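Where a number appears in this text, it was derived from the coordinates with a stated rule and is not lab data. What you see is a predicted model; the values in this text were computed from it and never measured. FYI the Cβ positions are ideal-geometry reconstructions off the backbone, even for glycines, and counts take in every protein chain you see.
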Amino acid sequence: MKSQIITWVIAIVCSSAAGALGTQWYLNRSTVIRFSTTKSLVGGDGAASTVPNFRMQVGDQAIRSLYINTYRLQHASGPEVENAKIGFRLRGAKPLGKTITREPGTALPFHCDEMSIIGPDSTSFLCTARRFNSNVGVYEVTFATDADVKVDLSIDAKNSQLEYREETGGKNSEYDMLMVLLGMPLGMASTYIVIRSLLKNLAARS
């Protein structure tokens, strides 16, 4: 009987700990912001070979190619975050014109600061998104460059990270819900079953 009680106590403690750990993980898990990108080329070598001396004029500057770069950002999993700052660093190309943004709704402002030159062929700018959560759609940033550009993205928001994916669909809210169900409720249910079994056994022996 004594060994059986010890076994039940261990089971209660372990199940409670599992529930607490699951809850702690759920509350402290990171937010994942998924992004995808598309590029469109106007001009380039193909146009130059077809049309000799092909040039485009942007202000006072003549260019042979124009790249339109579009980045889409959307909540993928994790808690809601507000006022997230997304950093863009452009390398190997010169930006042309201004940055254009599109927000998922009028109540969710999205804007980007002016571009800053930080070195030869290197430019950066910062965008601020009002809110990311599972009910918010896609934030979009579009800018033009004179060549194929390499872009480094960063995020400044509470416990958040960026994840590249070609598609923006397939969000993980179902996975988050499964983790909740396997956390605190599972621990509570296990504790209840063990305590109930213990009480019944004690009652049968009294």
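Below are the figures for this structure:
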{"read-out": "GluC sites (Glu not before Pro) lying in DSSP loop within the range 66-170, provided at most 10 other Cβ fall within 10 Å", "value": "E114, E166, E167"}
{"read-out": "Pairs from K39/K98; K85/K158; K98/K158; K39/K85 whose Cα-Cα separation, in the structure shown, is over 18 Å", "value": "K98/K158; K39/K85"}
{"read-out": "Per-residue Cβ neighbour rank within 10 angstrom, fewest leading, C112, C127", "value": "C112, C127"}
{"read-out": "In order through the range 109-121: 3J(HN,Hα) via Karplus (6.51 cos²θ - 1.76 cosθ + 1.60), integer Hz, x for Gly, Pro", "value": "x, 9, 9, 10, 6, 5, 5, 10, 7, 10, x, x, 6"}
{"read-out": "Separation of the L126 and K158 label points, Cα + 7 Å toward Cβ, nm", "value": "1.9"}
